[in-house]
Amino acid sequence: TGVADARSAFLLCRGVFKPTSNRYTSFKLDPNYNATNPSSFKRPDCIVLDVRLGGEMDGIELLHIIRSDVLLESLPVILLTAKGKVDDRIAGYEAGADAYLTKPFDP
């Protein structure tokens, strides 16, 4: 299962995680979703998260919440974002990202 916030990222992730035998499903969280209780949504296999969410919190803040939730802390989190400066990458990895991918990119 992949999670993305922006439509383009969602469509990309859905293509990457295209079901081959109904193994993967993708769903999108609303940017205004109340992320203070992330375990209230269906547990994904992987979270693809943008740093710029467009809501009240950013992806780094949401990643801190995910890493502090005992049900979600071990999930792989991929940050997929346009923020590509070294400081941004460091902040992402320090927050607990498993991977940090910048866009645009060639698939």
Check your understanding: Take the residues of the stretch 56-94 that are more than 14 Å from the chain's Cα centre (by Cα) and small (Gly, Ala, Ser): which is farthest from PRO44 (Cα to Cα)?
Key -> GLY84
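Would you list the strands (runs of 3 or more DSSP E) that sit entirely within the stretch 44-107 and hold 3 or more residues that are surrounded by fewer than 16 Cβ atoms within 10 Å (Cβ to Cβ)?
In the stretch 44-107, the matching strands (runs of 3 or more DSSP E) lie at 99-102.
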Review point. Take the residues of the stretch 20-73 that are more than 26 Å from GLY84 (Cα to Cα) and aromatic (Phe, Trp, Tyr): which is modelled with the highest pLDDT?
Key: PHE41
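The values are calculated or read from the model by the stated rules, or taken from the named source; none is laboratory data. Model, not experiment: these values are computed from the prediction. Neighbour counts run over all protein chains shown; Cβ positions are idealised from the backbone, glycine included.
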